[in-house]
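Encoded as structure tokens, the structure appears first; notes follow it.
Read-outs: derived from the displayed coordinates by stated rules, not from any lab. Predicted model, so just to flag it, every value in this text is computed and none were measured. In this analysis, Cβ positions are derived from the backbone assuming ideal geometry, glycine residues included, and neighbour counts consider all displayed protein chains.
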Amino acid sequence: GGGELGILHPTSGFKCRCSALDLSNKGISVVPEGLFDRTQGVQSLDLRGNFIKQLPGCIFQGLGSLRVLYVGEQGGGKDRLPCLPQLAKGVRLNATDDYLEGYSRICE
């Protein structure tokens, strides 16, 4: 239906044992802090094609298994996030868009 704000609520879930989480093109505009706290096994996360303007600074801290992360192309493909949250300690991405060396701007 129309009129949804595209807000993900931590209570609605993502307690998953999945290795890939595809949230691309879901009309998401707000990602609350703690959303991925119970998804430690996720190795691939795709947030492209939404309307996210900013991500909480600690949003990826619990994702120590992350190997693939796509966040770019927000707002119908014309916007990028102004800065990107730190990844969990020790994470080395095999595939990404905005977290490429020298391209990304990590949030202070």
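Once the Cα-Cα distance is subtracted from the 0.36 nm per residue extended length, the Glu33 to Ala95 segment shows a gain of 19.9 nm. Residues whose amide H lies under 5 Å from that of Gln86, counting only those 5 or more places away or on a different chain, are Cys107; hydrogens are built 1.01 Å from N in the peptide plane. Modelled spin-label separation between Arg67 and Ser24, with each label point placed 7 Å from Cα along the Cα-to-Cβ direction: 1.8 nm. Per-residue 3J(HN,Hα) values for segment 53-70, derived from phi via the Karplus relation 6.51 cos²θ - 1.76 cosθ + 1.60 with θ = phi - 60°, read 9, 7, 10, x, x, 9, 4, 9, 5, x, 9, x, 9, 4, 10, 10, 9, 10 Hz in sequence order (x marks Gly and Pro). Backbone amide hydrogens, once placed in the peptide plane, bring Ile28 within less than 5 Å of Phe51, excluding anything fewer than 5 places away on its chain.
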